[in-house]
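See below for the structure under consideration.
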Amino acid sequence: QEQLVESGGGLVQAGGSLRLSCAASGRGFSTWAMGWFRQAPGKEREFAAAISWTGSNTYYAESVKGRFTIARENAKNTVYLQMNSLKPEDTAVYYCAADRHGLGSNPELFDRWGQGTQVTVSS
């Protein structure tokens, strides 16, 4: 059974940076598109960023475009989310997810989820 484990969350001031990591176990990581989603208190989970299995295609929500960067290292079974210029509205639990059959361009196809890591941005 594949497992996804996030790390790197924490408390940061507005304007600061954090890098999230997601380590995957099990076979298949190098063939999965990967993504990051987030859920703020009282809100539904929303898509943030995704990357194709080759790493050649990336997708971003408008709210994070230009500030967040998704990347992956298939040799380490790890995907990253570099978050810069953080804002209080970025406060959320961030989830790593795998799209095992698609290209990463459709948020509805992500079907494996990590437990999440909390990111809190203070003003």
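Evaluate segment 65-76: report whether one residue or more is of a type in the set (K, R) and in contact with a Leu (Cβ under 9 Å, 6 or more places away or on another chain). Taking every residue of segment 65-76 in turn, at least one turns out to be of a type in the set (K, R) and in contact with a Leu (Cβ under 9 Å, 6 or more places away or on another chain). Considering only residues in segment 59-80 that are in contact with a Gly (Cβ under 9 Å, 6 or more places away or on another chain) and touching a residue at least 24 places away in the same chain (Cβ under 8 Å), the one that is farthest from E2 (Cα to Cα) turns out to be Y59. Being within 29 Å of Q1 (Cβ to Cβ) and in contact (Cβ under 8 Å) with a residue 12 or more places away in the chain: is that true of L86 here? The answer is no for L86. Within segment 68-82, does at least one residue satisfy the condition of being surrounded by 14 or more Cβ atoms within 10 Å (Cβ to Cβ) and in contact with a helix residue (DSSP H, G or I) (Cβ under 7 Å, 6 or more places away or on another chain)? Within segment 68-82 (the criterion being surrounded by 14 or more Cβ atoms within 10 Å (Cβ to Cβ) and in contact with a helix residue (DSSP H, G or I) (Cβ under 7 Å, 6 or more places away or on another chain)), the answer is yes, since at least one residue qualifies. Here L109 fulfils each of the conditions (1) of a type in the set (A, V, I, L, M); (2) farther than 27 Å from V12 by Cα; (3) surrounded by 21 or more Cβ atoms within 10 Å (Cβ to Cβ); (4) out of contact with any Ser or Thr (no Cβ under 8 Å at 6 or more places or on another chain) apart from (3). Condition first: surrounded by 15 or more Cβ atoms within 10 Å (Cβ to Cβ), touching a helix residue (DSSP H, G or I) at 6+ places or on another chain (Cβ under 6 Å) and more than 22 Å from Q13 (Cβ to Cβ). Can you find one or more residues in segment 42-49 that meet it? Scanning segment 42-49 turns up at least one residue that is surrounded by 15 or more Cβ atoms within 10 Å (Cβ to Cβ), touching a helix residue (DSSP H, G or I) at 6+ places or on another chain (Cβ under 6 Å) and more than 22 Å from Q13 (Cβ to Cβ).
Since every read-out is calculated from the coordinates, none of them should be taken as a lab result. All values reported here derive from a predicted model rather than from experimental measurement. We place every Cβ from the backbone using ideal geometry, glycine too, and count neighbours over all the protein chains shown.
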